[in-house]
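Here is the structure we will look at, set down as structure tokens.
Computed from the coordinates by the stated procedures, all read-outs in this text should not be read as laboratory data. Treat the numbers as computed from the prediction; the structure is a model and nothing was measured. Ideal geometry is used to build each Cβ from the backbone, glycine not excepted, and the neighbour counts take in all protein chains shown.
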Amino acid sequence: RKIGYPLFFIGLGFFLYNFLGPAFPGILSHGGFSLGRTTGFLYTSLYGIYGRVTQIFATYVFMFILFGSVMKATGAGEFFVELPYLLTYKTKGAAA
């Protein structure tokens, strides 16, 4: 909650900088970008919303979530939790 509004305004500032670049002085000035070019970059390039981060999430993170769901549904997760206890039930432990 505390970071929400500042992060929103920082993002809004960078977004507006695309359009207001010619109004800035000196080294901060640039030619500016149109709304079409900006939205096209954000949606169709590899650096936009549907770029590398979404690709990584769709391949790797999704597989781990699916694997965890299958483990939970089949009860295999309980097996891997209980396995160390079954292997070491006669040994005595000490404080670490």
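Based on the inverse mean of 1/r over its pairs of different Cα atoms, what is the Kirkwood hydrodynamic radius of the chain, in Å?
On the way: mean 1/r = 0.0530 Å⁻¹.
Evaluated on the chain, it is 18.9 Å.
When the chain is modelled as a GNM with alpha-carbon springs shorter than 10 Å, which of Tyr43, Tyr85, Tyr17 fluctuates the most?
Tyr85
In degrees between 0 and 90, to the nearest 10, how far off the longest principal axis of the chain does helix 35-44 point, with axes built from Cα atoms?
20 degrees
Rank the residues Val53, Val81 as a footprinting-exposure proxy: fewest other Cβ atoms within 10 Å of their Cβ go first. Display every interim value, and only then the final one.
Details: Val53 12, Val81 9.
Ordered from fewest to most neighbouring Cβ atoms within 10 Å, Val53, Val81 come out as Val81, Val53.
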